[in-house]
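K.L.:
Sharing a structure here in structure tokens format.
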Amino acid sequence: MEHIFKQGPSDQTLLLLHGTGGNERDLLPLAEMIAPNASILGVRGNILENGMPRFFRRLSEGVFDEEDLIFRTNELHQTINDLSERYKFKRDQVIAVGYSNGANIAASLLYHYKDSLKGAILFHAMVPLRGFTLPDLSEAPVYIGAGKRDPLIPAAETKELADELRKANAEVTEHWGEGGHELTRAEVEQAGIWYGEHFTS
Ligand code: MLT
């Protein structure tokens, strides 16, 4: 997968996962705000939808191609494994930061693997799959940033995601803004505070 890697002084690596139409550099300013000392692995999704990069196919807005989502989740997991060997970052110290489509595949990584991620910051994420048994996530805290008026993601869906993660023993922190699907400075700043409480920065 297309990617960029920047070595930082701390042991942690932030895995940056963009929204639809973004690329591996989109979330660099967020990484700077959340964990300026972490290494950074920004990855670009392999799917193109009308020329816009995504991490997996969808059948329509909000309706995922589940077979492709599962395939792409495994592909991303393997890519992190391979790149940790190439760049010598600690594989068990990877924290995802995803927005929208990128948050959805980060959530799917959590749904599939007990220890692909050491934690995750999910901005405006949906429930990636339903009727799925999650692994034990007691070692993977999750921060969820959501908008009360998100036209793409009903509040009930965000709560469903948080509930599923909690049922799998994840420690979940929710941040609710008054707005919609856009990323807000407040939710990123709160994510930085949450990060500092959970990981060495
Ligand atoms: C998705 O397809 O992952 C969600 O609808 C979010 C988006 O990318 O628009």
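K.L.:
Here are the criteria: (1) within 16 Å of the ligand (Cβ to nearest atom); (2) closer than 29 Å to Trp194 by Cβ; (3) open to solvent by 60 Å² or more (accessible area, probe 1.4 Å). Tell me which single one Glu66 does not satisfy.
P.N.:
Only one criterion in (1) within 16 Å of the ligand (Cβ to nearest atom); (2) closer than 29 Å to Trp194 by Cβ; (3) open to solvent by 60 Å² or more (accessible area, probe 1.4 Å) is unmet by Glu66, namely (2).
K.L.:
A further question follows. Only residues that are among the β-branched types (Val, Ile, Thr) and away from the ligand (no atom under 14 Å from the Cβ): list them for segment 89-110, please. Please lay out each step first, then the result.
P.N.:
Applying the first criterion (among the β-branched types (Val, Ile, Thr)) to segment 89-110 yields 94-95, 97, 105.
The answer is Val94, Ile95, Val97.
K.L.:
Can I ask one more? Got a number for residues in segment 4-33 being more than 16 Å from the ligand (Cβ to nearest atom) and open to solvent by 40 Å² or more (accessible area, probe 1.4 Å)?
P.N.:
Final tally of qualifying residues: 9.
K.L.:
Please work out which one of (1) touching a helix residue (DSSP H, G or I) at 6+ places or on another chain (Cβ under 7 Å); (2) without any contact (Cβ under 8 Å) to a residue 12 or more places away in the chain; (3) within 11 Å of the ligand (Cβ to nearest atom) is the condition Asn81 fails and give its number.
P.N.:
Condition not satisfied by Asn81: (3).
K.L.:
May I ask you to list the residues in segment 96-116 that are open to solvent by 10 Å² or more (accessible area, probe 1.4 Å) and either modelled with pLDDT under 95 or within 16 Å of Leu165 (Cα to Cα) (or both)? Before the answer, list the steps.
P.N.:
Taking segment 96-116 as the starting set, the residues that turn out to be open to solvent by 10 Å² or more (accessible area, probe 1.4 Å) are 99-100, 112-115.
His112, Tyr113, Lys114, Asp115 - these are the residues of segment 96-116 that are open to solvent by 10 Å² or more (accessible area, probe 1.4 Å) and either modelled with pLDDT under 95 or within 16 Å of Leu165 (Cα to Cα) (or both).
K.L.:
Let me ask something else. Given (1) within 14 Å of the ligand (Cβ to nearest atom); (2) at negative phi; (3) open to solvent by less than 40 Å² (accessible area, probe 1.4 Å), where does Leu59 come up short, assuming only one miss?
P.N.:
Of the numbered conditions (1) within 14 Å of the ligand (Cβ to nearest atom); (2) at negative phi; (3) open to solvent by less than 40 Å² (accessible area, probe 1.4 Å), the odd one out for Leu59 is (3).
K.L.:
On to the next question. Within segment 164-186, can you find the residues that are charged (D, E, K, R), surrounded by 13 or more Cβ atoms within 10 Å (Cβ to Cβ) and touching a helix residue (DSSP H, G or I) at 6+ places or on another chain (Cβ under 9 Å)?
P.N.:
Glu164, Glu171, Glu174
K.L.:
Still on this structure, I have one more. Among the residues in segment 34-45, are any in contact with a His (Cβ under 8 Å, 6 or more places away or on another chain) and near the ligand (Cβ under 10 Å from one of its atoms)? Lay out the reasoning, then the answer.
P.N.:
First, the residues of segment 34-45 that are in contact with a His (Cβ under 8 Å, 6 or more places away or on another chain): 41-45.
Next cut, near the ligand (Cβ under 10 Å from one of its atoms) only: 45.
Yes, because at least one residue in segment 34-45 is in contact with a His (Cβ under 8 Å, 6 or more places away or on another chain) and near the ligand (Cβ under 10 Å from one of its atoms).
K.L.:
Just to be sure I understand, how many residues within segment 42-95 are modelled with pLDDT of 95 or more, among the acidic types (Asp, Glu), over 19 Å from Lys118 (Cβ atoms) and not in a strand (DSSP E or B)?
P.N.:
Residues in segment 42-95 being modelled with pLDDT of 95 or more, among the acidic types (Asp, Glu), over 19 Å from Lys118 (Cβ atoms) and not in a strand (DSSP E or B): 5 in total.
K.L.:
Within segment 145-163, take every residue that is away from the ligand (no atom under 16 Å from the Cβ) and within 18 Å of Thr133 (Cα to Cα) and give me the one that is surrounded by the most Cβ atoms within 10 Å (Cβ to Cβ).
P.N.:
Once the filter is applied, the top-ranked residue is Ala162.
K.L.:
Is it true that some residue in segment 123-132 is within 23 Å of Leu183 (Cα to Cα), open to solvent by 10 Å² or more (accessible area, probe 1.4 Å), within 14 Å of the ligand (Cβ to nearest atom) and in contact with a Gly (Cβ under 8 Å, 6 or more places away or on another chain)?
P.N.:
Yes, segment 123-132 has at least one match.
The values are calculated or read from the model by the stated rules, or taken from the named source; none is laboratory data. No experiment lies behind these values; they were computed from the predicted model shown. Backbone-built Cβ (ideal geometry, glycine too); neighbour counts: all protein chains shown. We work out accessible area using only protein heavy atoms, side chains counted, and drop any ligands, DNA or RNA first. Shrake-Rupley method; radii C 1.70, N 1.55, O 1.52, S 1.80 Å.
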